[in-house]
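To keep things clear, I will list the structure first and then write my remarks on it.
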Ligand code: GRF
């Protein structure tokens, strides 16, 4: 384990339930520290969650930027100033441009509500239901310029029930996210997970395929 806690900057846009899960995991011993939470939306509930734990917050309102490039430049400049060891996208609803993503290559994670590489993009729960899929879940991946396309580290898989609707599925996927994301951050914080030549390495072994946890076991282990 590294001596100092891993320094994190968390990027958010919305409710921040994943941010909350990371905060609680840190309380429970995850060796990391959230330096700042950054939002592109001034009203994001995630900012309130951070502030209530005395975590500094910053807003870069994308509506005040005249272009995507300007938003990216402002974000990049703030990230460079903060210089975290890891940037954690937790419900951050902006597509980041190539130069910024390249600069943070191997140091930027995202969580996505599907079993990647399936169902990139938005409305995943609805699309999974419409397609009549048997399985759904969430994935944690390194961020690259390809939307939801970077190397996948770990996934949690759950079975879609016959009576599931979008809300029930989203809720169960969220429960998995709140365990999976802190788990992956913990591996990085303890020096167990790195990215080498676009291949995640866990305990010095290449993860040629994402580690996939079955949701019941994952939730059981976390309880
Ligand atoms: C999650 O479903 C995450 O997978 C996706 O955005 C959602 C964020 O939820 N990237 P929250 O803001 O953490 O509650």
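Structural remarks
- Tabulated pairs, the stretch 34-57, first over 11 Å from residue 90 (Cβ atoms), second assigned to a helix (DSSP H, G or I) and within 15 Å of the ligand (Cβ to nearest atom), C-beta under 6 angstrom, 6+ apart or interchain: 53/23; 57/47; 57/50
- If you go through the stretch 46-68 and pick out every residue that is under 25 Å from residue 32 (Cα atoms), touching a strand residue (DSSP E or B) at 6+ places or on another chain (Cβ under 9 Å) and away from the ligand (no atom under 16 Å from the Cβ), you end up with 3.
Every residue, every condition in (1) without any contact (Cβ under 8 Å) to a residue 24 or more places away in the chain; (2) buried (at least 16 other Cβ atoms within 10 Å of the Cβ); (3) part of a helix (DSSP H, G or I), yes or no:
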{"position": "66", "(1), (2), (3)": "yes, no, no"}
{"position": "77", "(1), (2), (3)": "yes, no, yes"}
{"position": "84", "(1), (2), (3)": "no, yes, no"}
{"position": "92", "(1), (2), (3)": "no, yes, no"}
{"position": "95", "(1), (2), (3)": "no, no, no"}
{"position": "99", "(1), (2), (3)": "no, no, yes"}
{"position": "105", "(1), (2), (3)": "no, no, no"}
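- Residue 117 being touching a strand residue (DSSP E or B) at 6+ places or on another chain (Cβ under 9 Å) and under 30 Å from residue 166 (Cβ atoms): yes
- Among the residues listed as 116, 109, 19, the single one being in a loop (DSSP other than H, G, I, E, B), within 14 Å of the chain's Cα centre (by Cα) and within 25 Å of residue 210 (Cβ to Cβ): 116
- Strands (runs of 3 or more DSSP E) contained in the stretch 130-204 and holding at least 1 residues within 16 Å of the ligand (Cβ to nearest atom) and surrounded by 14 or more Cβ atoms within 10 Å (Cβ to Cβ): 135-142, 152-159
- Failed condition for residue 71, given (1) within 17 Å of residue 93 (Cβ to Cβ); (2) in a strand (DSSP E or B); (3) away from the ligand (no atom under 16 Å from the Cβ): (2)
Any read-out appearing in this document is the output of simple, stated calculations on the displayed coordinates, not a laboratory observation. All values reported here derive from a predicted model rather than from experimental measurement. For neighbour counting, all protein chains shown are included, and Cβ atoms are generated from backbone atoms with ideal geometry for every residue, glycine included.
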